[in-house]
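Below is one structure, written out as structure tokens; the observations come after it.
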Amino acid sequence: MIRYISPDKAKEQMNNLGKERKSFLFAFDYELSKAFVIEEPLRQKEVLFSTPLGSNHSACCLKKDIPSLKAFPIDYSLYKQGFDKIKLSLLRGDSYLANYTVATPIKITHSLEEIFSYVNSPFKLCLPEEFVCFSPERFVRIENNSIYTHPMKGTIDASIPNAQKIILKDKKETAEHITIVDLLRNDIGMVAKEVEVLRFRYMDKITNSKGGSILQVSSEIKGSLQEDWKKDIGSIILRLLPAGSICGAPKESTLRAINRAEKKPRGFYSGVFGYFDGERLDSAVLIRFIEKKNEEYFFRSGGGITVNSQCKKEYEEVNQKIYLPL
């Protein structure tokens, strides 16, 4: 059974392992109430993971039938209750961007472990009786004394004519993306020097289980670290949490607004996880997330809200993000 520890203990353990250049897997929940660190994670199968730097899972025994899910979206009126609370905070000036999320009941045809095996995603994590995550969004990558982050904001159905042009010209989406890039550039500046935006608003295309694709807009930010960054690897990660892309700006007042709107803890959903191979680190934001609670399953999804956001449109986007990337 996975052993959870406090974020401070996780930070200390990560710093020690980084100093010794020993590999480890880590995760922090959104509320920063618990974490876990697993040394030499390739040797264990209790927690399944896959990142661009390595994986402890081999998809060699897949069934012929692929997994599917059926969603039962929450009532629009219920979504609107939380949305209105976020909008009030925005109008009051407490926040200028807030990420509002919901839990959608779903039915799935396969176990969480099987879904982990089938889905295509650069970052995957599965705690078999708790959740599975197949995240397209990197948190930070560290190599060659440089730290990179790739904020992802802006989603559109790729089948819409001129979809790329529409999303790039959308004023609300543009403002939201600029806000997150500015926030994460400042965050990276807390742990690094010479911070710069390498790429601004580029496109990723993701195929989903509904037979279609979505376009998502990302940017790339880079900063320079000290040569001895490995001994402070836990401190660097914890300093950046919670991830700006899944809360908003400014962080402190926006977190309070989110708590008022969502009412329940997110847990590991929208936290972060990552893998350090002894030399490099890669990590992801825990989105595209299915959790198991009392034999029921929920798909967690959300989106950024600004003063220009339209409730109906945001509700549709939240439901659009419920898919398996097969």
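The values are calculated or read from the model by the stated rules, or taken from the named source; none is laboratory data. The structure presented is a predicted model; accordingly, all values stated were derived computationally and were not measured. Using ideal geometry, Cβ is built from the backbone for each residue, glycine included, and neighbour counts are taken over all protein chains shown. Each accessible area value is taken on the protein alone, full model and side chains, heavy atoms only, with ligands, DNA and RNA left out. Shrake-Rupley method; radii C 1.70, N 1.55, O 1.52, S 1.80 Å.
Can you give the direction-averaged projected area of the convex hull of the alpha-carbon atoms in the range 132-242, in nm²?
On the way: hull surface 32.6 nm².
Mean projected area of the Cα convex hull: 8.2 nm².
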> Roughly how many Å is it from the Cα centre of the range 256-296 to that of the range 1-54, as a whole number?
Replying inline: 14 Å
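Local charge sum around His57 (other residues, Cβ-Cβ under 10 Å, Lys/Arg +1, Asp/Glu -1)? Intermediate values should be presented prior to the final figure.
On the way: positive: Lys45, Lys124; negative: Glu113.
Result for the neighbourhood of His57: +1.
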>> Within 12 Å, Cβ to Cβ, of Arg256, how many net charges do the neighbouring residues add up to if Lys/Arg are +1 and Asp/Glu are -1?
In response: +1
>> Considering all projection directions equally, how large on average is the shadow of the alpha-carbon convex hull of the range 1-110, in square nanometres?
In response: 11.2 nm²
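Per residue, how much accessible area does the chain have with a 1.4 Å probe, in Å²?
Normalised by residue count, the accessible surface of the chain is 45 Å².
Tally Lys/Arg at +1 and Asp/Glu at -1 over every other residue whose Cβ is under 15 Å from the Cβ of Lys312; what's the total? Provide the component values of the computation, followed by the final result.
Values: positive: Lys80, Lys87, Lys172, Lys313; negative: Asp75, Asp84, Glu314, Glu316, Glu317.
Taking every Cβ under 15 Å from that of Lys312, the sum is -1.
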> Which shape class, rounded, prolate or oblate, goes with the range 54-201 when its Cα gyration tensor gives a ≥ b ≥ c as root eigenvalues, a/c under 1.5 marks rounded, and past that a/b bigger than b/c marks prolate?
Replying inline: oblate
>> Nothing charged except the Cβ atoms of Lys and Arg (+1) and of Asp and Glu (-1): what's the magnitude of the dipole of the range 160-230 about its Cα centre? Round to the nearest 20 debye.
In response: 440 debye
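Can you tell me the relative contact order of the chain? Whole percent, Cα pairs under 8 Å, sequence separation 6 or more. If you can, show how the numbers build up before the last one.
Working: 724 pairs, mean separation 94.5, N = 326.
Relative CO of the chain lands at 29 percent.
Run the helix sum for the chain: -39,500 (n - 2.57) per DSSP H stretch of 4+ residues, divided by residue count, reported at 222 nm to the nearest 500 deg cm²/dmol. List each step's numbers first, then the result.
Working: 8 runs with 92 residues, N = 326.
Computed ellipticity for the chain at 222 nm equals -8500 deg cm²/dmol.
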> Let a ≥ b ≥ c be the square roots of the eigenvalues of the Cα gyration tensor of the range 263-312; is it rounded (a/c under 1.5), or, if not, prolate (a/b larger than b/c) or oblate?
Replying inline: oblate
> So for the chain, what percent of the C-alpha to C-alpha distances run longer than 38 Å?
Replying inline: 10 percent
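Taking all protein chains as present, what is the carbon and sulfur share of the accessible area of the range 225-285, in % to the nearest whole number, probe 1.4 Å? Provide the component values of the computation, followed by the final result.
On the way: 1020 of 2170 Å².
That fraction is 47 percent.
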> Using a Gaussian network for the chain with springs between C-alpha atoms less than 10 Å apart, which of these wobbles most: Tyr202, Tyr148, Tyr269?
Replying inline: Tyr202
